[in-house]
1. Given charges of +1 on the Cβ of Lys and Arg and -1 on the Cβ of Asp and Glu, with all other atoms neutral, how large is the dipole of the stretch A:50-127 about its Cα centre, in debye to the nearest 20?
2. Simple spin-label model, 7 Å along Cα-to-Cβ: A:ARG247 to A:SER127 in nm?
3. Take the alpha carbon gyration tensor of the stretch A:40-103, find the square roots of its eigenvalues, order them as a ≥ b ≥ c, and report rounded if a/c is under 1.5; if not, report prolate when a/b exceeds b/c, else oblate.
4. Once you put a point 7 Å from the Cα of A:ASN751 and another 7 Å from the Cα of A:THR579, both along the Cβ direction, what distance in nm separates them?
5. What is the mean projected area of the alpha carbon convex hull for the stretch A:749-801, to one decimal in square nanometres?
6. Would you mind checking the pairs A:LYS156/A:LYS495; A:LYS38/A:LYS853; A:LYS150/A:LYS459; A:LYS252/A:LYS369; A:LYS119/A:LYS756; A:LYS252/A:LYS340 and listing those with alpha carbons more than 24 angstrom apart?
7. Using a 1.4 angstrom probe on the protein heavy atoms only, line up A:GLU849, A:GLU494 by accessible area, largest first.
8. What order do A:CYS201, A:CYS868 take when sorted by accessible area (1.4 Å probe), most exposed first?
Amino acid sequence: MKAKKGIYRFAAIEEKWQKRWRKDNLYQAVDFGKRANKFYTLVEFPYPSGEGLHIGHTFTMTGADIYARKKRMEGKNILFPMGWDAFGLPTENYAVRTGTQPQIVTKKNTDNFRRQMKKMAFSFDWSREINTTDPAYYKWTQWIFIQLFKRGLAYKKAMSINWCPSCKIGLANEEVIKEKIKTKSGKAREIEKYVDVCERCGTPVERRQINQWIVKITKYADRLIDGLEKTDFIEKVKAAQINWIGRSQGAKVKFPIASHSEFISESILNQVQDDGKGVVQDDIEEIEVFTTRPDTLWGATFMVIAPEHPVVASLLSSKFKVQSSKLKKIENYVGRARRKSDLERADLAKEKTGVFTGLTAINPVNKKKIPIWVSDFVLASYGTGAIMAVPAHDERDYAFAKKYNLPIIPVIEPLRSWDFNQNAYTDMEKGKMINSGPLNGLRPNQAIKKAVEILEEKKIGKRAVSYHLRDWIFSRQHYWGEPIPMVYCEKCAEKGITWWDTKEGKKLQSSKALKLKSSKQQKRFENLNLENLDLIRNLKLEIRNSSSPAGELAGWFPVPEKDLPVELPRVEKYEPTDTGESPLANVSGWGEVRCPVCGGPARRETDTMPNWAGSDWYYLAYVLAHKLNSLKSKVQSPKSKNIFVINKNVLDYWLPVDIYIGGDEHNTLHLLYSRFIYQFLYDIGAVPKDYPEPYYKRISHGVILGADGQRMSKSRGNIINPDKKWEQWGVDALRMYLMFIGPFEGTMVWNENALKGVARFLDRFKNIVLWSAKFKESPPVTDKDFLVVLNKTIKKVGSDLDNFGFNTAIASLMKLVNYLYESNINPNNKLITNKKVPPAFILSKENLERLIKLIAPFAPYLAEELWCEVLGNKFSVHQQTWPTYNKYLLEEKMNTIVVQVNGRLRAKIDIERSIANDKDAVILRAKKNSKIKRYLVGKKIRKVFFVSGHLINFVVE
RNA sequence: GCCGCGGUGGCGGAACUGGUAGACGCGCCGGUCUCAAAAACCUGUGGUGGUAACCCCACCAUGUGGGUUCGAUUCCCACCCGCGGCACCA
């Protein structure tokens, strides 16, 4: 593609300066120095896809780059790094399709991305480039996982996951998309319905039970909320995180399981076991519920438990005496629920379904017997997996009660007349408690307090908090990810040997403790490899009953830290198997290892980590980047400390990240995960103690839509390729256009016409410098207003850049150029160009330099060319200091005072600055104004408002 | 339903803690240069109305309807629309 006409020859200068910048390593951050001077500017690192840099990347990074460049010119020690979040499905899919190793594809893609970023003149410190797929990098990703495990924050559990029957692969939640489908109901009416489908092939997903590693992020739920107070994140990001975590205050209440009562309607009565007792067996004697409204306890007329609730399992294993026909029904219902996708279960439009269990419970506050139902509208994963239903005051409970003819008892008296046969009354703040024994007459807010007091006093419940946030499913059955560094030993598992870092576990660290307390324990350790005694001490082993909560972890041990990283083996085939195992399970030899505890044969974990794992700590990796690589070759002794502790002083210097620029799509997942991991590292002393959060400030960047106003995508064909754009317009014009198109946080539509505008501007800017430079021997000529305009512009551009107001900063630069340009037009409207005639203005070298410095962050190539080649200055403009303004020069000689009459603008008058702040003088002058006279004549002035130096408003009758 | 953000000319967008609404750019109208076109450059450009016309003047305009205020795009109340996120969370 040919360059557009009328634009300076950018291609040549771009090439020239790029080479020079690379050679001089212009943008390296310096570890250490004055701490107040450091400034860590972080922009989210990309996934290096085969398509190359997306225009959205160039947009975000240009903003970040301009910001970093300006701060750097202000003398800050800027850390502005870049790297690659390179594990991921597209690369793996490409590998599956073509048989090319993902490592090779990644290399190719990152090379391309790097080339494009350098072309865009992003001032990254390339010496700190990192790549999450580099073994030297993921060694520490694995190390972090091991620390999580050692502190009891990782466990293994059978989880229901999404399974694509076509791709034969387990899908992460992010890999499942919602799709609207239309189905026909009985009356041939079309209903829209959402189903979960596989992101890649569109096949509806199924549910499968798979053993997964889970990370207990929920343990940090409170801190993830409360920690936000210390940060300077923009409001919407904080809100998104708080929302996602979803903390609710309430109470947990225990409902004993009993039998039927007078309370239950006729139809239900018939279904209930009639002996009325003896239904309770074994350990399950009560069902605990979580409620945010303990004040409505007296209105609980039935209970509903989730299909996954343990009581259901007990029922089905005939622990309770329930008719077998009923059991069958329950079994059917539960089976159906299990096969439903999350989305189907969550479909609000659908009618609620459920079955009666045949069991009753006792409402502990009023001793009434209430039936227990099973329904899939109750989620096993939230609260306790069981609810008390208060149909009078909850719409879901109400719908359920109506459908199954269950009693509805109001406990809050509505303020207006209300028909409980029609609707639930959910206006919970208003009204008075009724039918609620000791709570009667209270307002609901007081009643909540009182109810909790009663619960705690009678020991039937207590205050409790519940979260929407779920624990983090950490296993992926994919090839292209970090191997989870765990080993499973069947023999040890049989003996119930578990790694367990509890207080008891620590006792075992001493060799005395290893002499073991009982013969039972002695027996368990009998076959242990004594050579591993040290290791055992290190591992903090403990023997546990395999049916204890740690039972699922019996036999699972982390790979010894000295053996990290567990490298991803090179394989021929990347396809997953039908069994839902990772392709690593098929690599012969790789999975077979020695048990680090008993020395016997053991198996590696073959699942890999989710994408988020590598990006959890990448901002730390940049700080450590130089160390990361040097450790690669060294064999570490098992006693050596970890990289974080060794390099504490560098981390101390750079952390926290001063500003983190990223997309809203990461507000809940990446941002939350990485904050969690940071807080965890903080707890184990791996990162500095003075600030418990990784990022000080977070701002969101905007999105650029295609020219059609739609999200850019291959299928829509509206993708903008940055390579093509800079070939046409030049990098500087592209950069300025991207920043000029709209506010940095906004949603913008690609509009090629506007590119013309900034290209024109750059050309004019160049002309201004050329004209004056041509007459550098002559004394400078400017008018008296020029310095005012220049100083104003310096101030405006500076403050705009600090606030990411790139579009307005550019507007003010344009204004300045227009001002100079217009002054160079002679009376015949002829432009004085580089003829022999001097321009109206000849700017001094000093002022030309200030102009060029102002534009340097935006247009680094042109600025360098003008600085070095036109002005003949020393390389490089990007190492100059940011221009300052003289505040005394900002004020013009004359002030324009706005004169209003009754708040309406009637005139503007120019007044000397010396008296513009003098109310009486201004009034006098305004009254003299002929226009104003017209409005004041014959009127009585009641009041005069005066904004000093700016505005005057006469209020007349 | 809940949370967040937004609604300003033909278009993208400006407007500091309430104080000249429409900066800057695109587009468009007219002009300069040219054989012509492109490029470049200059002028004008929210709407309606008044005057033969210019200067000018008046009125109406920031999603809708109210309110507070000398004065509201900005603050308050109610609503409408759009975008993004979450969503049977007890």
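The values are calculated or read from the model by the stated rules, or taken from the named source; none is laboratory data. These numbers were taken from a predicted model, which means no experiment stands behind them. Using ideal geometry, Cβ is built from the backbone for each residue, glycine included, and neighbour counts are taken over all protein chains shown. With ligands, DNA and RNA removed, areas are computed over all heavy atoms of the protein, side chains included. Shrake-Rupley method; radii C 1.70, N 1.55, O 1.52, S 1.80 Å.
1. Values: 12 positive and 7 negative charges, 67 e Å.
For this selection, approximately 320 debye.
2. Going by the 7 Å Cα→Cβ label model, 4.3 nm.
3. On the way: a/c = 4.85, a/b = 2.79, b/c = 1.74.
The shape class here is prolate.
4. It works out to 5.9 nm between the two label points.
5. On the way: hull surface 21.5 nm².
Computed as one quarter of the Cα hull surface, the answer is 5.4 nm².
6. Numbers: A:LYS156/A:LYS495 18 Å; A:LYS38/A:LYS853 22 Å; A:LYS150/A:LYS459 35 Å; A:LYS252/A:LYS369 19 Å; A:LYS119/A:LYS756 20 Å; A:LYS252/A:LYS340 28 Å.
Beyond 24 Å: A:LYS150/A:LYS459; A:LYS252/A:LYS340.
7. Greatest to least solvent exposure: A:GLU494, A:GLU849.
8. A:CYS201, A:CYS868
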